[in-house]
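The values are calculated or read from the model by the stated rules, or taken from the named source; none is laboratory data. Here the structure is a predicted model, which means the values were calculated and not measured. A quick note on method: Cβ atoms are made from the backbone with ideal geometry, for glycine too, and the neighbour counts reach across all protein chains shown.
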Amino acid sequence: MTEPSDVTQAGDVTEDGFLGGRLRLRQPKSGHRAGHDAILLAAATAAREGDRVVDFGAGVGAAGLAVARRVAGIELVLVEIDRRLAELARGNAVLNGLPAGVVVLDVESGPEQFAACGLPPDSADVVLMNPPFNDPARHRASPDKARERAHVASATTLENWIHAARRILKSGGILTLIWRADALAGILAALDRGFGSLRILPVHGDAAPAIRVLVSAVKGGKAPSALYPGLMLNEAPAAENSSAMPNRSAQEILAGLKTLPLAVR
């Protein structure tokens, strides 16, 4: 799902507007491009002034920078394996006047590599992530290797990413992620080790089964899990031959005018 607007092009990079134009992002014309998922993830992230917020798989910085645009005074760290995307993320932070550290790192690296990049255990208040989530058994491999790496999960991707988040989060720290709705069981299983106080919000394209699920969890949390009403991106067509209309509430969230319930803590 993509949400570019006011696009300007230069070479193989476009500059796109997000949050109603209040966030400008330069990103490759081809390959993995930021869209609705990143903005929904940001809108679900519970961050406060003074928090150290780490964005795993940050790409060009969309989700993390959207959080920083909403919450002043956070210490933002963008973690990205692709050097080119990391450089674009660094430039996007400057472009938007938002302080952010950028780390080139594989999220599935060990604790020594994380510590060497300034991310030792128990050092983050908030982690947000949009891991690769397409099932390789059902997803045709892209000839664009960067796009494939950004979209296709291995059998251990989710578990390894959640383990890395658990390691760097402080006790009581919050993890927020977006993933495929049909893989909710796998998310819950991976979070069962070390996380609690789960809050779950399904995301629907229209009046059909959810396509995404947003989940927040607290390291060491003990509160009961909570399932929130789903977010509908589009209203069901009024007539059989009419087109679906964007949901007003969803549009306000994507424009940065509202947050999702998971962002409240």
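Test Ala68 against the stated conditions and say whether it is crowded, with 20+ Cβ neighbours inside 10 Å, within 23 Å of Ser216 (Cα to Cα) and modelled with pLDDT of 95 or more. It would help to see each step written out before you state the result.
On the way: crowded, with 20+ Cβ neighbours inside 10 Å: yes; within 23 Å of Ser216 (Cα to Cα): yes; modelled with pLDDT of 95 or more: yes.
Yes.
This table checks each residue for (1) surrounded by fewer than 19 Cβ atoms within 10 Å (Cβ to Cβ); (2) in contact with a Lys or Arg (Cβ under 7 Å, 6 or more places away or on another chain); (3) among the aromatic types (Phe, Trp, Tyr).
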residue: Val203; (1), (2), (3): no, yes, no
residue: Val213; (1), (2), (3): no, no, no
residue: Gly220; (1), (2), (3): yes, no, no
residue: Met245; (1), (2), (3): yes, no, no
residue: Leu260; (1), (2), (3): no, no, no
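Condition first: crowded, with 24+ Cβ neighbours inside 10 Å and either modelled with pLDDT under 95 or assigned to a loop (DSSP other than H, G, I, E, B) (or both). Now tell me which residues in the stretch 36-56 satisfy that.
Listed by number, the residues that qualify are Ala44, Thr45, Ala47.
Check the stretch 248-265 and report whether any residue there is without any contact (Cβ under 8 Å) to a residue 40 or more places away in the chain and either assigned to a strand (DSSP E or B) or of a type in the set (Val, Ile, Thr) (or both). If you could, list the steps in order and put the result at the bottom.
We begin by selecting, within the stretch 248-265, every residue without any contact (Cβ under 8 Å) to a residue 40 or more places away in the chain; these are 248-252.
Keeping just the survivors that are either assigned to a strand (DSSP E or B) or of a type in the set (Val, Ile, Thr) (or both) gives none.
For the stretch 248-265, residues without any contact (Cβ under 8 Å) to a residue 40 or more places away in the chain and either assigned to a strand (DSSP E or B) or of a type in the set (Val, Ile, Thr) (or both): absent.
His139 fails exactly one of the following numbered conditions: (1) modelled with pLDDT of 95 or more; (2) exposed (fewer than 15 other Cβ atoms within 10 Å of the Cβ); (3) of a type outside the set (D, E, K, R); (4) in a loop (DSSP other than H, G, I, E, B). What is the number of that condition?
Status for His139: all satisfied but (1).
Quick check on Leu198: is it crowded, with 19+ Cβ neighbours inside 10 Å and either in contact with a His (Cβ under 7 Å, 6 or more places away or on another chain) or at pLDDT below 95 (or both)?
Values: crowded, with 19+ Cβ neighbours inside 10 Å: yes; either in contact with a His (Cβ under 7 Å, 6 or more places away or on another chain) or at pLDDT below 95 (or both): no.
No, not satisfied.
I'd like the full set of residues that are more than 18 Å from the chain's Cα centre (by Cα), among the aliphatic types (A, V, I, L, M) and more than 30 Å from Arg167 (Cα to Cα), limited to the stretch 187-231.
Residues satisfying the conditions are Ala207, Ala208.
Please go through the stretch 215-247 and pick out each residue that is in a loop (DSSP other than H, G, I, E, B) and at pLDDT 95 or above.
Step one: list which residues in the stretch 215-247 are in a loop (DSSP other than H, G, I, E, B), which gives 220-225, 228-230, 233, 236-244, 247.
The answer is Gly220, Gly221, Lys222, Ala223, Pro224, Ser225, Tyr228, Pro229, Gly230, Leu233.
Going by the structure shown, is Ile174 crowded, with 20+ Cβ neighbours inside 10 Å, in contact with a Lys or Arg (Cβ under 6 Å, 6 or more places away or on another chain), among the hydrophobic types (A, V, I, L, M, F, W, C) and not in a helix (DSSP H, G or I)? Step through it out loud before you land on a result.
On the way: crowded, with 20+ Cβ neighbours inside 10 Å: yes; in contact with a Lys or Arg (Cβ under 6 Å, 6 or more places away or on another chain): no; among the hydrophobic types (A, V, I, L, M, F, W, C): yes; not in a helix (DSSP H, G or I): yes.
Against the criterion (crowded, with 20+ Cβ neighbours inside 10 Å, in contact with a Lys or Arg (Cβ under 6 Å, 6 or more places away or on another chain), among the hydrophobic types (A, V, I, L, M, F, W, C) and not in a helix (DSSP H, G or I)), Ile174 does not qualify.
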